[in-house]
Structure formats: C-alpha cells, structure tokens
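Shown next, in structure tokens, is the structure this report addresses.
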Amino acid sequence: MRSDAYYQYRGGHLYCEQVALADIARRAGTPCYVYSAAAIVDRFAAYDRAMAGVPHTICYAVKANSNLSVLRLLAEAGAGFDIVSAGELFRVVKAGGDPGKTVFSGVGKRADEIEYALEQGVHAFNCESADEMRLIDAVAARLRRPARVAFRVNPDIDAQTHKYISTGLRENKFGVNIADAPALYREAQRYENLRVTGVSCHIGSNLLKVEPMLEAVDKVLALVDELRSGGLAISELDLGGGLGVAYRDDEREPEIESTIAALCARASGRGLTLHVEPGRSIVAAAGVLLTRVLYRKSNGDKQFVVVDAAMTELIRPALYEAWHDIEPLRLIPERGNVVADVVGPVCESGDFLAKDRSLANVAPGDHLAVLTAGAYGFVQSCNYNSRPRPAEVLVEGHRWREVRARETFEDLIRGE
Ligand code: LLP
C-alpha cells in the first residue's frame, strides 16, 4: 500500500496517526469513516504556503466532506468556504466558520437561499446565469443589502476527467459561456444592488493534468483584462477547485504546493485577490472507510468478499467506476491474496466497492480499510435499504473521538 505520514502499518497493524484502526473498528463498529486531522490541516497548509505571496482566501469546498468537526479544523486553520446550498452555509456557521470568507457557488440557487446567504453576510455569489443575476439583485434590494457577485465563466476546456465531474465544457450545465460574459458584466453594472467585482471558474474535479488548469487561468485572465479595459473594476479572481488525487499506484497526482504556486504566478502582478475552492485534495487521502468481512462466497469461478459497507456508504465505485485501494487492518502474509469482487449487502448488482480486485485473502470477521475515502464519501451516503448511515471518527495524534454518531433505527423514521 502507498503509505504516507498519516496511514502506516506498524507491526502488521494499520494505524491512522498514532491510533490502531482495529481499535476504532472494534469500539465504534463498522462501517465507519475515519479522518486524520493532521492530514487535513497539513494539506490546507500546503495551499496556504503556495499562495503566501498574493492576497488570497482558500475557500474549502464543503461538499467534499461537511462534517462539523472537519469544518471547524479548517476554520481554525484560517479557511474560508465554498458552499453550494443554504444547508452547507448553516454547517459553516455552526462550525464557527466565517460567512465573510465564504463564496456561494452552484447553478440553481433558490431565492430563500440567496436571502439566507445575504443575511449571514457571505462574501460573494458565484453567479451562473442572467436569470440568477436578476434574482440576486431583487433579493438584495428587498433586504437592502448589496450583493457582491462574480460570474462563473465556462471556458470550454476539456479537463480530461470522468464525464460526470467535468464541468468546463460548453455542453456542461455550469457557468456562463465565456464569450457571452462581457455583455453580462455590462448588464450587471446597471443593477443597483449588485457589486460585480470578480470572475470565477471551475473546470472539473479530480484533475490529474495541470495543463487544462493553466489554460483555464489564461483564458480567464484575458477576460479580466478585457473587462478592466472596458471600465469594470475587477478585483477578485476565483480559480475554483479540482486538484486530483492518486487513487491508485499508477496515477500521479499534481503536487499541491507547486501546482497552486504555478497557477498563482500566472495570475499575480495584476492586483487581484485570489480565491481557490479545493475539496478533494484536502480531505480525500485523509479518510478511510472501515468495514468488516461478513462472508466469502464463490459463484462458479468468481470469488466474492461480502462486507458490511456498501454503495450506500461509498457510491464512488458504482457512480464513477472509481477505484479505491482496499487493505486489511491486520497483515497476515502467509494467507496470500485472492482475486475477488468486494461487494456490500445492498440489493443491486451495482453495489460493489471493487471488481476483480487482487486483495488480501481475508476471512469473515477480518477488517478492511477502503482508502482515499475522505472526500465525497460520507457526504454522498444514503439510507437506501433502510441502512443507518455510518459513524464518523476524527483522529488527532494518540486520541480519537466520534464526530458523528452512527444513525439509529429511530433516525431512519424521523419525520415519517
Ligand atoms: N468548486 C466548485 C464550483 C465545484 O463544483 C467543486 C466540485 C469544487 C469547487 C471542489 O472540487 P474538488 O477540489 O473537490 O475537485 N462527487 C464527485 C466529485 C464532484 C465534484 C463537484 N464539484 C466525486 O466523488 O468524484
């Protein structure tokens, strides 16, 4: 396994920081998400170092992992936030985050959400259409609170990632066509309650190649120059999120500090305040999903490892054909390996965590860790098959604590 400073085998047992994951699995039960606080804070710090030379805010994308304790860690480290719903803003506020360092993204903001965001004093709206611009102006007028706005432009660049998480192509629903942007900015100036000071852009998620990101920055900078020469006072540039992570050994992830420094270098010298909206690159590798082997079975030649985690806890393999490494919590080398599908209890053939995977030849009762699961894991979980959602645990050095209790049967029927 690719060990790092936060997840390592010691004496044949897999540790998160200074805690043996088997202890957590035994006491918190499975399935269960575990996050390393140090891994999160260190990756945030890498962004901060990369941007030290320019005025900036690192707006952590709440959607990647919105646990209050994770948000609190990042708020204490100085993060701002990127939200896509009023619910996410509610979490930011509850976690002690600063709405004044929060940007509101997303293609379908409702009037009540815009109102809540203005009341809470969010820094800016990343606006995605002319209709939305008019609605933000109307709500701002009603509340007598001017709204700061950036248009999210779609630069028509292929981010070379999975089609469901690519956002910067003209065929995607996101942003406004970059060619139409100057006219929109001119129109926006006529609205009394809008302060149009920014440009934003986000071309996709899990980007492993740097070139499309650089190309997007160049296109957006050209737009900033054009808008400024037309008399608009553009002072902020939001470069979005998207930095990818290596889910498997044969992938190479862009290193945070050098990649972000290169993007900032492109944009520096223009007096712009820079924003970024990283999610995955901060939390993905910081988290694992712990699961217990329930059964082994074979259908003909095919081997199955049936575990107690399912697509309900981690939907990424089913939805994006995503790969997550799966490792045993205790190494028993003499048992060797098996090639199997790792599947959950949910009644769907799409319910798998891995297909035809070579993994430790585990037995019922053994524990496994599904790696790189800290981003878009718990947040995309659901109650299908009336499965209570799992516990979440935060590790800090030698200590660990539950930061979200496992749901109960009563939680399942609340509100019915
Ligand atoms: N900003 C905006 C406007 C976004 O739409 C996203 C992600 C981000 C920032 C954060 O991107 P990141 O740094 O995490 O790549 N569920 C999918 C990923 C969906 C990403 C959606 N937008 C997955 O599991 O791969």
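Brief remarks on what is shown
- Relative contact order for segment 190-282: 36 percent, from Cα pairs under 8 Å spaced at least 6 residues apart, divided by residue count.
- Anchor Lys302: aspartates and glutamates whose Cα lies under 15 Å away (excluding residues fewer than 8 positions away in-chain): Asp341, Asp356
- Note on Ala45 and Arg27: the model spin-label points, each 7 Å out from Cα along the C-beta direction, lie 2.6 nm apart.
- Rg in Å to one decimal, and Dmax rounded to a whole Å, for segment 37-279 via C-alpha atoms: 16.9, 54
- Looking at the chain alone, DSSP beta bridges between its own residues are antiparallel in about 50 percent of cases.
- When the chain is reduced to its Cα atoms, the Kirkwood hydrodynamic radius in Å: 22.4 Å
- Note: relative contact order over segment 117-180, using C-alpha pairs below 8 Å and six or more positions apart, is 31 percent.
- Neighbourhood charge, 10 Å Cβ-Cβ cut-off, centred on Ala5 and excluding it, Lys, Arg +1 and Asp, Glu -1: -3
- Pairwise FRET efficiency - Gln189 versus Ala138, Cβ, R0 = 22 Å, nearest 0.05: 0.85
- Rounded if a/c under 1.5, otherwise prolate or oblate - segment 20-160, Cα gyration tensor axes: prolate
- Percent carbon-and-sulfur accessible area, the chain, ignoring ligands, DNA and RNA, probe 1.4 Å: 47 percent
- Cα gyration tensor, segment 295-416 - rounded (a/c under 1.5), prolate or oblate: oblate
- When the charge dipole of segment 37-279 is built from unit charges on Cβ atoms (+1 for Lys and Arg, -1 for Asp and Glu) and taken about the Cα centre, the candidate among Asn193, Asn67, Asn177 whose Cα reaches farthest toward its positive end is Asn193.
- Straight-line cross-link reach from Lys101 at under 27 Å between alpha-carbon atoms covers these lysines, not counting any fewer than eight positions away in the same chain: Lys63, Lys109, Lys173, Lys219.
- Using only side-chain charges placed at the Cβ, +1 for Lys and Arg and -1 for Asp and Glu, the dipole size of segment 37-279 relative to its Cα centre rounds to 600 debye.
- Other residues whose C-beta falls under 15 angstrom from the C-beta of Gly279 contribute a net charge of 0, scoring Lys and Arg +1 and Asp and Glu -1.
- Contact order for the chain, expressed relative to its length and based on alpha carbon pairs under 8 Å spaced 6+ residues apart, stands at 20 percent.
- Annotation: per residue accessible area for the chain equals 42 Å², rounded to a whole number [probe 1.4 Å, protein chains only].
- Computed lengthening from Thr197 to Gln380, 0.36 nm per intervening residue step minus Cα-Cα distance: 62.6 nm
- Rh (Kirkwood; distinct C-alpha pairs) - segment 152-225, Å: 12.9 Å
- Computed [θ] at 222 nm, deg cm²/dmol, the chain (DSSP H ≥ 4; -39,500 (n - 2.57); rounded to nearest 500): -8500 deg cm²/dmol
- One way to sum up the overall shape of segment 370-416 is the equivalent ellipsoid from its Cα gyration tensor, whose semi-axes run 24, 14, 7 Å, largest first.
- In this calculation the C-beta distance from Ala52 to Ala405 is compared with R0 = 35 Å, giving a FRET efficiency of 0.35.
- Within straight-line reach of Lys163, meaning a Cα separation under 14 Å, sit the following aspartates and glutamates at least 8 residues removed in sequence or on another chain: Glu171, Glu321.
The values are calculated or read from the model by the stated rules, or taken from the named source; none is laboratory data. A quick note: this is a predicted structure, and the numbers were derived from the prediction, not measured. Every residue, glycine as well, gets a Cβ built from its backbone with ideal geometry; the counts of neighbours run over all protein chains shown. Keep in mind that these areas ignore ligands, DNA and RNA; they rest on the heavy atoms of the full protein, side chains included. Shrake-Rupley method; radii C 1.70, N 1.55, O 1.52, S 1.80 Å.
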